[in-house]
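Only the coordinates and a few stated rules stand behind these numbers; no lab work does. Nothing here was measured: the structure is a model prediction, and the numbers come from that model. When we count neighbours, we look across all protein chains shown, and the Cβ atoms used for this are built from the backbone with ideal geometry, even at glycine.
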Amino acid sequence: MARRGPNTERGKTTSSRNAVKHGLTSDAPVIPGESLAEWQRFLAGIIASYEPVGQLETEHATTIASLKWRRRRVTRFEVAAITANMQSTEQNLQIAQAYIDRTLSKGILPDIPPAEVAEHQQRRILPLDSDLDKIMKYEAHFHRMQTQTQHEIEALQARRKGEHSPLARLDISGPPGS
């Protein structure tokens with residue numbers, strides 16, 4: 001059976017950083033472009049909100065903070081994807097018009113009226129399908145994990161206080177319109 005994946009040390013090192021490209025699957029709490037101090041303040045705030053007692057409750061609170069932090073990355077990714085798509089509008093229109101005018105091979109790009117560019121930009125306020133699929137996948141995953149962990153910490157805290165804790169919870173969610 002053929003071995004898949006990188007074989008060289010350089011390849012292995014590069015591959016090990018794949019999750020950091022967009023940061024959505026990175027295990028590191030802080031990736032390049034994020035602030036360690038901001039993460040620490042965020043973590044402290046989440047932990048203080050749950051007032052955990054003991055290591056297990058603290059671990060759950062930390063997990064919730066991590067998931068909420070990663071959901072912020074999804075939002076940043078979405079904004080970056082939309083921004084890039086909108087910023088390419090004028091050039092895309094110029095290339096399309098140059099193709100129609102048969103001047104593309106000459107490198108002549110026509111001027112596009114700003115109103116036309118703005119009109120086309122409004123059609124690009126959603127991410128491309130490939131980006132939207134990624135956004136929805138990770139947002140849903142992090143939301144499910146966060147909800148599950150919140151239920152666990154709430155059950156732990158209820159039992160610790162001698163209160164009733166449901167054995168099971170039912171969360172029903174699905175795509176809009178279902």
Item to check | Cα Rg, Dmax, region 43-158, angstrom units | outcome: 22.9, 72
Checklist entry - Under the Karplus relation 6.51 cos²θ - 1.76 cosθ + 1.60, θ = phi - 60°, what is the ordered set of whole-Hz ³J(HN,Hα) values for region 51-66, x standing for Gly and Pro? => result 6, x, 10, x, 5, 5, 5, 5, 4, 5, 4, 5, 4, 4, 4, 4
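As an exercise, identify the GluC sites (Glu not before Pro) in region 86-178 lying in DSSP coil whose Cβ has no more than 11 other Cβ atoms within 10 Å.
On the way: sites: Glu90, Glu116, Glu119, Glu139, Glu152, Glu154, Glu163; in loops: Glu163.
Of the GluC sites (Glu not before Pro), the ones in loops of region 86-178 whose Cβ has at most 11 other Cβ atoms within 10 Å are Glu163.
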Checklist entry - Can you work out ³J(HN,Hα) from phi for every residue in region 113-118, in order, using Karplus 6.51 cos²θ - 1.76 cosθ + 1.60 and θ = phi - 60°, giving whole Hz and x for Gly and Pro? => result x, x, 5, 5, 4, 4
Checklist entry - Under a straight-distance cross-link criterion of Cα-Cα below 14 Å, which aspartates and glutamates are reachable from Lys137, leaving out those fewer than 8 residues away in the same chain? => result Glu78, Asp129
Checklist outcome for this item: In order over region 121-128: 3J(HN,Hα) from phi, Karplus 6.51/-1.76/1.60, θ = phi - 60°, whole Hz, x for each Gly or Pro, gives 5, 5, 7, 10, 7, 9, x, 4
Checklist entry - Near Lys68, which aspartates and glutamates are there with a Cα under 12 Å away, not counting those fewer than 8 places off in the same chain? => result Glu139
